[in-house]
1. Residue by residue through region B:94-107, note down the ones that are within 16 Å of ligand 1 (Cβ to nearest atom) and either under 23 Å from A:GLU259 (Cα atoms) or more than 11 Å from every other protein chain (Cβ to nearest Cβ) (or both).
2. When the residues of region B:55-77 are filtered to those that are near ligand 2 (Cβ under 10 Å from one of its atoms) and at positive phi, which remaining residue is nearest to the chain's Cα centre (by Cα)?
3. Surrounded by 19 or more Cβ atoms within 10 Å (Cβ to Cβ) and either within 14 Å of chain A (Cβ to nearest Cβ) or in contact with a Gly (Cβ under 9 Å, 6 or more places away or on another chain) (or both): does that describe B:LEU113?
4. Applying the selection to region A:226-270, what residues are touching a His at 6+ places or on another chain (Cβ under 9 Å) and over 21 Å from A:ILE187 (Cα atoms)?
5. For region B:42-56, indicate whether the set of residues that are at pLDDT below 90 and surrounded by fewer than 18 Cβ atoms within 10 Å (Cβ to Cβ) is non-empty.
6. Identify all residues within region B:205-260 that are modelled with pLDDT of 90 or more, small (Gly, Ala, Ser) and not in a helix (DSSP H, G or I); write none if there are none.
7. For the list (1) within 16 Å of ligand 2 (Cβ to nearest atom); (2) within 23 Å of B:ASN167 (Cβ to Cβ); (3) over 18 Å from the mean Cα position of the chain (by Cα), I need the number of the one condition that B:ILE52 fails.
8. Identify, by number, the condition in (1) away from ligand 1 (no atom under 15 Å from the Cβ); (2) modelled with pLDDT of 90 or more; (3) of a type in the set (Gly, Ala, Ser) that B:GLY25 doesn't meet.
Amino acid sequence: MPSDYRRIRYLTRRGFNGKPLVWAGISFAGMLITWDLLARFSGWSAQVFPGPIPVFVSMGELIADGTLLRHTVASLFRITVGFYLAVLLGLPLGIFLGRHKTFNDLFNPIVQFLKPISPIAWIPLAMLWFGIGDKPAIFLIFLSSFFPLVVSTAISVSSINPVFFQVAANFNFSRLEIISKIIIPAITPATITAFRISLAIAWLVVVAAEMIAVPSGLGYLILDSRNALRMDYVMAGMIVIGVIGLLLDFIMRRLGQLESTCWYHFEHRQ
Amino acid sequence: MGHILVDSISKEYPNRRKQARWGNGSGSPSSGILPVLSNINLEVGDGEMVCILGPSGCGKSTLLRIIAGFETPTTGSVLIDGQLVVRPSSDNIFVFQSNGLLPWMTVWENVELGVRKLPDLRSRERKVAEQIEIVELEGFEHHYPYQLSGGMQRRAELARALAINPNVMIMDEPFSGLDFLTHMKMREEVVNMHIFTGKTTLVVTHDIDDALIMGDRIVVLGVCPAQVRLNLRLDFPRPRDFQKLPELNKLRQQIFLMQGVTYAV
Ligand SMILES: Nc1ncnc2c1ncn2[C@@H]1O[C@H](COP(=O)(O)OP(=O)(O)OP(=O)(O)O)[C@@H](O)[C@H]1O
Ligand SMILES: [Mg+2]
């Protein structure tokens with residue numbers, strides 16, 4: 001009971017009463033109308049600048065023949081594998097670096113140096129090393145998420161209140177208990193935010209990677225349609241990319257509102 | 001169980017600021033060192049409640065952290081029941097000056113930390129419920145620390161410390177940051193708990209009245225580097241009242257004078 005009450009109160013505090021959805025609807029409708037008017041009166045041909053109606057019709061075609069689904073699944077598969085790999089390797093490394101200052105000082109310069117190199121710049125090497133197909137794309141997504149995750153995990157681990165580790169020592173916590181009862185819950189809220197940010201970057205990267213390194217996926221769909229001069233398909237692909245990006249962000253946002261992170265929002269509200 | 005012997009402890013911290021300002025070589029040879037405790041001797045009997053007083057920054061928390069095993073003394077040693085203290089242990093529980101409850105756990109989960117090693121689930125639950133009842137937090141078991149008031153958080157922490165059934169309780173300013181009435185109630189609670197459990201208890205406080213009302217023994221430390229300036233057994237009956245105990249009142253005036261306050265009201 002109290003937890004339900006808390007969740008409801010939490011959501012209302014955040015103003016979750018349907019109103020933002022109404023505003024979102026209005027702004028999307030406005031965008032569609034503007035787009036339609038521009039397409040009609042710009043004087044550009046429908047081949048160069050298709051309006052919303054032909055684009056949605058073409059999207060219907062792509063859905064009907066299964067192309068869109070196939071490419072979407074391909075992209076989602078790559079981002080999932082790459083992202084999981086980054087989490088699986090990045091979180092433990094980040095925790096380790098956050099706990100051992102010397103290693104952090106040793107490692108941090110390298111990570112900081114590699115972080116600003118756009119994953120796109122790795123495409124030539126990735127193709128040379130992994131050929132054409134899923135592997136280079138997954139590698140690029142991994143790269144794009146791995147470094148930000150390591151850095152943010154290390155920072156949040158090293159900023160855990162030292163009193164909690166003293167409590168752990170006082171209550172004879174084992175190493176495993178220190179990780180499961182102190183470190184993981186303490187960094188969960190910040191880590192979910194980090195997931196959200198790196199997933200957004202990964203989604204940007206997957207499309208770019210598919211334009212070069214793989215003959216499938218939403219990025220490939222866009223590139224292929226451009227070669228066929230089908231701007232309506234290009235735009236349909238862009239819309240799907242945008243919608244999926246929104247969905248991913250929405251899921252991560254919901255994760256950030258789990259009860260296990262309420263304490264954090266409370267402490268950081270002031 | 002719970003006899004503490006503090007044997008000629010000294011503690012020095014490296015003093016970074018001084019080093020940076022004077023560089024190496026110049027100044028006295030000890031310029032890079034900040035002595036905090038110098039030659040502290042203290043014996044605490046089994047079941048005694050000892051209140052430690054001293055000016056701010058004199059090293060009270062440092063002394064407690066050494067006794068609890070969080071820090072090692074530069075020289076000297078601490079023995080608890082004849083055992084040398086080298087690391088923290090669940091035999092002597094430290095109640096922290098700032099909040100030590102784990103914020104991602106409910107009151108129940110926090111208190112359960114002390115008994116999590118018990119194999120039997122039923123007895124574990126009974127123990128936790130019992131401690132929560134002692135500190136009168138029934139009904140708040142499933143609240144998170146941020147949903148409790150400051151006084152309730154302290155009581156929850158007290159319950160967690162009691163649940164593990166330690167030989168020694170070490171409290172660093174358990175009443176700081178509480179309003180006047182909560183402070184009085186918590187003080188009563190700690191005294192009652194001490195009478196009830198008979199555990200050796202060390203309490204650091206900066207409130208002279210707290211020390212005189214609570215302690216079986218009162219220890220006053222001097223300015224940094226701290227030395228024991230007064231170590232006195234208080235054999236007054238509880239509850240104590242300054243009005244009815246002129247001797248206690250005289251002692252109060254003396255200690256105020258010692259701390260540099262001439263007219264204590
Ligand atoms: N880790 C540390 N490194 C260096 N100096 C320290 C450290 N911890 C404490 N000190 C110094 O030791 C002295 C005593 O600190 P301590 O926290 O023990 O004081 P205290 O008596 O508890 O004060 P208060 O009543 O304000 O809590 C202070 O001068 C402080 O600057
Ligand atoms: Mg202190």
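1. First pass over region B:94-107, keeping only residues within 16 Å of ligand 1 (Cβ to nearest atom): B:94-100.
B:ASN99, B:GLY100, listed by residue number.
2. Across region B:55-77, the extreme among qualifying residues is B:GLY59.
3. Here the answer is yes, as B:LEU113 does meet what is asked.
4. A:GLY237, A:VAL240
5. Checking region B:42-56: at least one residue is at pLDDT below 90 and surrounded by fewer than 18 Cβ atoms within 10 Å (Cβ to Cβ).
6. B:GLY215
7. Among (1) within 16 Å of ligand 2 (Cβ to nearest atom); (2) within 23 Å of B:ASN167 (Cβ to Cβ); (3) over 18 Å from the mean Cα position of the chain (by Cα), B:ILE52 violates only (3).
8. So B:GLY25 meets the others, but not (2).
The values are calculated or read from the model by the stated rules, or taken from the named source; none is laboratory data. Because the structure is a prediction, the values reported are computed rather than measured. A quick note on method: Cβ atoms are made from the backbone with ideal geometry, for glycine too, and the neighbour counts reach across all protein chains shown.
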